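Working notes, beginning with the structure itself.
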Amino acid sequence: QCLHAVGCAEAGLIYQRLTPIPDRESHFHDDEVTYVSLGDGSTSEGEFWESLNTSCNNRLPILYLVEDNGYAISVPVEAQTPGGDISKLVEHFPGLRTLRCDGTDFLASYRTLGDAVSHVRSRKGPVFVHASVTRPYSHSLSDDEKLYKTAAEREAEARRDPLLRMRHFLKAQGLATDEDLADILTSVEREVNAAADLALAAAKPEPNTAAMYVFSDDVDPTSSAFATDPAPAGTPETMVANINSTLRDEMAHDPRIIVFGEDVADASREEALATVSGKGGVFKVTHGLQRTYGSDRVFNSPLAEANIIGRGVGMALRHLKPVVEIQFFDYIWPAFMQIRDEMAMMRYRSSNTWSCPMVIRVPIGGYLRGGAPYHSQSGVSIFAHSPGIRIVFPSNAQDAVGLLRTAIRCDDPVLFLEHKHLYRQTYNKAPYPGPDYMIPFGKAAVAREGADVVVFTWGALVQRSLLAAQQAERDGISVAVIDLRTIIPYDWDAIAAYTEKTSRVVVVH
């Protein structure tokens, strides 16, 4: 969760600076600290290092506490960390203050953490506290530390037991007697045992609750509330232009929307904007948004996909609305853990206490020259098998507007897939359908009627299926083409109706 901490810390600063956000004062404190703790083993993860990069770059108010007990289950620290000392590796990060303490010594820990919190509260940047601690017993019930720790090592650790050390301190200072400490122990054991008895006696969850809180119970993006009529104006525009207009209007509608990713800003060096036209994404989808809404709402990320998603998760937890971009679908895989295990599962695993409504925009697919294996992938099915993610895949410019606005205004994580081949095609152009146009999820579009066979498809394959259907018609075959528009959820009613109508189904993907 190191990257979530980065996003949470950034959210506080964003609330502090973006005065148009309603009730923003209730969402942050001027002197807030974001605290994240982890073990020495977790510092081997890439997300830890990605979080340090951004924490230091942005001088974020984050307090890292590494509780180093010398082992990641059975793997000793010298096999995890060069030199066996994580603080020596990070102490030269620019802007990061590094502190060390004996984590088994209460007073030393108290002083060190007090110093760290004071530094962060005064907005001097992040602090990294490296605490040397012990693990008083095996990692888990399936672990037996006697298999890899010597008796002498375990005896030395036992002598550093922080409870034992505190007991000696309290007695030496005349602050507690043996009787006092025995009463405390008895009280604690009684409380823990009572809680355990309650847990063991509790009823098992009913099977019908297994699918609760996969998605929001309060906002249903498949409902008629998200069905509005288009109000087209102007000349037909490409999908790129219509998505850009949608983002522009939605950012005006909701000041909580934050847009970031690789190259999405016009220019990270703001002074350059006086003389350059601006990048605005490799496909120009976000062009001009930074100029319009400022660098607090539109900014570039490092070239690190997990960084993008993890920070978005942290912001969404604090009720901002991240609309992030993964530059190419082919590069989404470093972020897969953050998407599948964190973003998608946040509401479910917290029993609806927390949620993570954010949008991930991703250019996807092939049919472009020069794409090759690392710019043409379309692994939609993997995400479709990841509960908790809405998946949208429009085939034309008007649908892209309506579906993107629904994605932004719904209360679930949405993977919004934009087929690169469709970005500037002339056949799918449409006038911008207005700032309120929405399309409900799970509502397919009938691209072509037919009676002999039905094709179910989406995205760039809709147009290719229509061309194939025209050829089939010359051979006397009547082909229906159904544009599903969203993969999660499917329009099962349309699928059932046309399957029953034709008894012949082709899935084109």
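The values are calculated or read from the model by the stated rules, or taken from the named source; none is laboratory data. Keep in mind the model is a prediction, meaning the values are calculated, not measured. Positions of Cβ are generated from backbone atoms using ideal geometry, with glycine treated the same way; all protein chains shown enter the neighbour counts. Heavy atoms of the whole protein, side chains included, go into the accessibility calculation; ligands, DNA and RNA do not. Shrake-Rupley method; radii C 1.70, N 1.55, O 1.52, S 1.80 Å.
Quickly run through region 210-232 and pick out the residues that are open to solvent by 50 Å² or more (accessible area, probe 1.4 Å) and more than 12 Å from Tyr437 (Cα to Cα).
As a first pass, look at region 210-232 and keep what is open to solvent by 50 Å² or more (accessible area, probe 1.4 Å): 210-213, 217-218, 220, 224-225, 227, 229-232.
Ala210, Ala211, Met212, Tyr213, Asp217, Asp218, Asp220, Ser224 - these are the residues of region 210-232 that are open to solvent by 50 Å² or more (accessible area, probe 1.4 Å) and more than 12 Å from Tyr437 (Cα to Cα).
I need the full set of residues from region 23-41 which are touching a residue at least 12 places away in the same chain (Cβ under 8 Å) and more than 17 Å from Trp354 (Cβ to Cβ), in order please.
In the first step, residues of region 23-41 are kept if they are touching a residue at least 12 places away in the same chain (Cβ under 8 Å); the result is 27-41.
Answer for region 23-41, where residues must be touching a residue at least 12 places away in the same chain (Cβ under 8 Å) and more than 17 Å from Trp354 (Cβ to Cβ): Phe28, His29, Asp30, Asp31, Glu32, Val33, Ser37, Leu38, Gly39, Asp40, Gly41.
Summed over region 130-157, residues that are closer than 29 Å to Tyr110 by Cα and either touching a residue at least 24 places away in the same chain (Cβ under 8 Å) or not aliphatic (A, V, I, L, M) (or both) total 15. The single condition from (1) open to solvent by 30 Å² or more (accessible area, probe 1.4 Å); (2) of a type in the set (Ser, Thr, Tyr); (3) not in a helix (DSSP H, G or I) that Thr286 fails is (1).
From the list His375, His385, exactly one residue is open to solvent by 10 Å² or more (accessible area, probe 1.4 Å) and without any contact (Cβ under 8 Å) to a residue 24 or more places away in the chain. Which is it?
Result of the check over His375, His385: His385.
Taking residues in region 275-293 that are at negative phi, and partners anywhere that are open to solvent by 50 Å² or more (accessible area, probe 1.4 Å) and of a type outside the set (A, V, I, L, M), the pairs with Cβ atoms closer than 6 Å and at least 6 places apart or on different chains are Lys279/Asp263; Val282/Asp263.
I need the helices (runs of 4 or more DSSP H) fully contained in region 323-440, keeping only those with at least 2 residues that are of a type outside the set (A, V, I, L, M, F, W, C). Even if it seems obvious, please write down each step before you answer.
Details: elements: 346-349, 380-384, 397-409.
Answer list for region 323-440: 346-349, 397-409.
Restricting attention to region 58-76, the residues that are over 22 Å from Gly95 (Cα atoms) and not in a loop (DSSP other than H, G, I, E, B) add up to 5. Just the residues that are closer than 18 Å to Glu342 by Cβ and in a helix (DSSP H, G or I), please, taken from region 1-15. Cys2, Leu3, His4, Ala5, Val6, Gly7, Cys8, Ala9, Glu10, Ala11 - these are the residues of region 1-15 that are closer than 18 Å to Glu342 by Cβ and in a helix (DSSP H, G or I). Screening Asp412, Asp436, Asp452 for residues that are over 15 Å from Arg485 (Cα atoms), open to solvent by less than 10 Å² (accessible area, probe 1.4 Å) and acidic (Asp, Glu) leaves exactly one candidate, Asp412. Among the residues of region 77-87, is any in a loop (DSSP other than H, G, I, E, B), out of contact with any helix residue (DSSP H, G or I) (no Cβ under 6 Å at 6 or more places or on another chain) and closer than 25 Å to Pro136 by Cα? Yes, because at least one residue in region 77-87 is in a loop (DSSP other than H, G, I, E, B), out of contact with any helix residue (DSSP H, G or I) (no Cβ under 6 Å at 6 or more places or on another chain) and closer than 25 Å to Pro136 by Cα.
For region 88-106, give me each residue that is without any contact (Cβ under 8 Å) to a residue 60 or more places away in the chain, part of a helix (DSSP H, G or I) and open to solvent by 50 Å² or more (accessible area, probe 1.4 Å).
We begin by selecting, within region 88-106, every residue without any contact (Cβ under 8 Å) to a residue 60 or more places away in the chain; these are 88-103.
Retained after the next criterion (residues that are part of a helix (DSSP H, G or I)): 88-90.
Within region 88-106, Lys88, Leu89 qualify.
Within region 289-315, the set of residues being open to solvent by less than 40 Å² (accessible area, probe 1.4 Å) and over 21 Å from Ile21 (Cα atoms) comprises Ser301, Ala304, Glu305, Ala306, Asn307, Ile308, Ile309, Gly310.
Can Val446 be described as farther than 21 Å from Val264 by Cβ, aliphatic (A, V, I, L, M), open to solvent by 10 Å² or more (accessible area, probe 1.4 Å) and in contact with a Ser or Thr (Cβ under 7 Å, 6 or more places away or on another chain)? Steps first, answer last, please.
Values: farther than 21 Å from Val264 by Cβ: yes; aliphatic (A, V, I, L, M): yes; open to solvent by 10 Å² or more (accessible area, probe 1.4 Å): yes; in contact with a Ser or Thr (Cβ under 7 Å, 6 or more places away or on another chain): no.
So Val446 does not fit the description; no.
Assessment of region 169-180 against the conditions (open to solvent by less than 50 Å² (accessible area, probe 1.4 Å) and closer than 30 Å to Met345 by Cα) yields no matching residue.
Is it true that Gly114 is in a loop (DSSP other than H, G, I, E, B), small (Gly, Ala, Ser) and more than 27 Å from Arg154 (Cβ to Cβ)?
Details: in a loop (DSSP other than H, G, I, E, B): no; small (Gly, Ala, Ser): yes; more than 27 Å from Arg154 (Cβ to Cβ): yes.
Criteria not met by Gly114.
Residues in region 429-440: is at least one small (Gly, Ala, Ser), in contact with a helix residue (DSSP H, G or I) (Cβ under 6 Å, 6 or more places away or on another chain) and under 15 Å from Val506 (Cβ atoms)? Full working, then the answer.
Looking only at region 429-440, we keep the residues that are small (Gly, Ala, Ser), and these are 430, 434.
In the following step, the residues that additionally are in contact with a helix residue (DSSP H, G or I) (Cβ under 6 Å, 6 or more places away or on another chain) were identified as 430.
Subsequent filtering for residues that are under 15 Å from Val506 (Cβ atoms) retains none.
No, because not a single residue in region 429-440 is small (Gly, Ala, Ser), in contact with a helix residue (DSSP H, G or I) (Cβ under 6 Å, 6 or more places away or on another chain) and under 15 Å from Val506 (Cβ atoms).
Residue-level check: of (1) farther than 22 Å from Thr150 by Cβ; (2) open to solvent by less than 60 Å² (accessible area, probe 1.4 Å), Asn57 misses just (2). Name the one entry in Asn242, Asn193 that is out of contact with any Pro (no Cβ under 7 Å at 6 or more places or on another chain), surrounded by 10 or more Cβ atoms within 10 Å (Cβ to Cβ) and under 30 Å from Ala430 (Cβ atoms). Result: Asn242 is the single residue among Asn242, Asn193 that is out of contact with any Pro (no Cβ under 7 Å at 6 or more places or on another chain), surrounded by 10 or more Cβ atoms within 10 Å (Cβ to Cβ) and under 30 Å from Ala430 (Cβ atoms).
Taken over region 250-271, residues that are crowded, with 18+ Cβ neighbours inside 10 Å and either in a helix (DSSP H, G or I) or among the basic types (Lys, Arg) (or both) amount to 3.
Residues in region 122-142: is at least one part of a helix (DSSP H, G or I) and either surrounded by 13 or more Cβ atoms within 10 Å (Cβ to Cβ) or aromatic (Phe, Trp, Tyr) (or both)?
Of all residues in region 122-142, those part of a helix (DSSP H, G or I) come to none.
No, region 122-142 contains no residue that is part of a helix (DSSP H, G or I) and either surrounded by 13 or more Cβ atoms within 10 Å (Cβ to Cβ) or aromatic (Phe, Trp, Tyr) (or both).
The listed residues are Ile391, Ile339, and the only one of them that is of a type in the set (Val, Ile, Thr), buried (at least 17 other Cβ atoms within 10 Å of the Cβ) and over 14 Å from the mean Cα position of the chain (by Cα) turns out to be Ile391. Evaluate the following for Tyr64: is it at pLDDT 95 or above, over 25 Å from Asn307 (Cα atoms) and hydroxyl-bearing (Ser, Thr, Tyr)? No; evaluated as a whole, the condition is false for this residue. Part of a helix (DSSP H, G or I) and in contact with a strand residue (DSSP E or B) (Cβ under 8 Å, 6 or more places away or on another chain) - does that describe any residue in region 16-33? So far as region 16-33 goes, no, none of its residues is part of a helix (DSSP H, G or I) and in contact with a strand residue (DSSP E or B) (Cβ under 8 Å, 6 or more places away or on another chain).
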